[in-house]
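Before any comments, here is the structure.
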Amino acid sequence: MRMRLCLLLVLLALAAQREALAGEGLVIDPAQTHVDITTNFAGAQVVLYGLKPGAGPVAVVISGPRHPVTVRRKEPLLGAWLNRSAVTFEDVPTFYDYAVSPGLSAQDLAGAGIGVTALPLRVSYKNVGQEDVAAFRQALIERSQQRGLYPAEARAIVPLTDRFFKAVFDLPPNVPVGDYHLEAHYYDYGEVAEKKVAALRVAQVGMSARIHAFAVKDSLLYGIFCVTLGLFAGWISNRIRSRN
């Protein structure tokens, strides 16, 4: 691990020289560009190394994949609780996390759209008043936080030297598969001076990928198989208990 870190620092230094010649200063290098999900997947750690052009603070964001999300609210109707109110948000990151350097204020982050409360969630459908949209937005955030897909607070950027840094993110076992983005923002005098983006792919491999493909392509057969397997497991369990 120490040797790998030294190698990364050397590579980042060389890349920084090339970037400097091109007039750019912020360099980022993810330790991995692919996260494999297998049948015994218990989460993963994503590490991003970076080199900043000066002493300013940085913020790093990981997000993805993005999908429309509908949030519904149950309301009483004729003695029953039914989903009557709904708001659909477009382009919602199903996973989101971020790390920041000390000294960055909430206002600095919000100006760049960084942070859970600053997520630019667009509304494509609603059957409630505009004043109620904020409550549905908060419900979406709280639900994602309960599932471990949104952070309760920002992580801390880890300084390695005056200019080298790293950001570490933990992906939970239920992390969605798909394309992710790692975004690094370098601040100068309270404003984002430079921004760099790297890609990350989270995908199922091996038996997990085959099971997922079976469930997606042949959903009916997959459902019948799961029900049959459940019935068989119940029958075996009852047989064992009756013998005892």
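Aspartates and glutamates near Lys74 by alpha-carbon distance under 16 Å, same-chain residues fewer than 8 away left out - which ones? The reachable aspartates and glutamates, counting only those whose Cα sits under 16 Å from Lys74, are Asp132.
Once the Cβ-Cβ distance of Val123 and Asp188 is raised to the sixth power relative to R0 = 30 Å, the FRET efficiency obtained is 0.35. Summarising the label geometry, the points placed 7 Å from Cα in the beta-carbon direction at Ala44 and Asp179 lie 1.7 nm from one another. Ignoring any ligand, DNA or RNA, what whole percent of the accessible area of segment 28-187 comes from carbon and sulfur when the probe is 1.4 angstrom? Carbon and sulfur: 50 percent of the exposed surface of segment 28-187. The distance between label points at Gln130 and Thr33 comes to 4.4 nm (points 7 Å beyond Cα on the Cα→Cβ vector). Within the straight-line cut-off of under 14 Å between alpha carbons, the aspartates and glutamates reachable from Lys195 are Glu19, Glu24, Asp29, Glu183, sequence neighbours fewer than 8 places apart in one chain being disregarded.
Once the chain from Ala139 to Thr70 is taken as fully extended at 0.36 nm per residue, the excess over their C-alpha distance is 23.8 nm.
The values are calculated or read from the model by the stated rules, or taken from the named source; none is laboratory data. Everything quoted here is computed from the prediction, not taken from an experiment. Counting neighbours? That spans all protein chains shown, and the Cβs are built from the backbone with ideal geometry, glycine included. Surface areas here come from the heavy atoms of the whole protein model, side chains and all, with no ligands, DNA or RNA. Shrake-Rupley method; radii C 1.70, N 1.55, O 1.52, S 1.80 Å.
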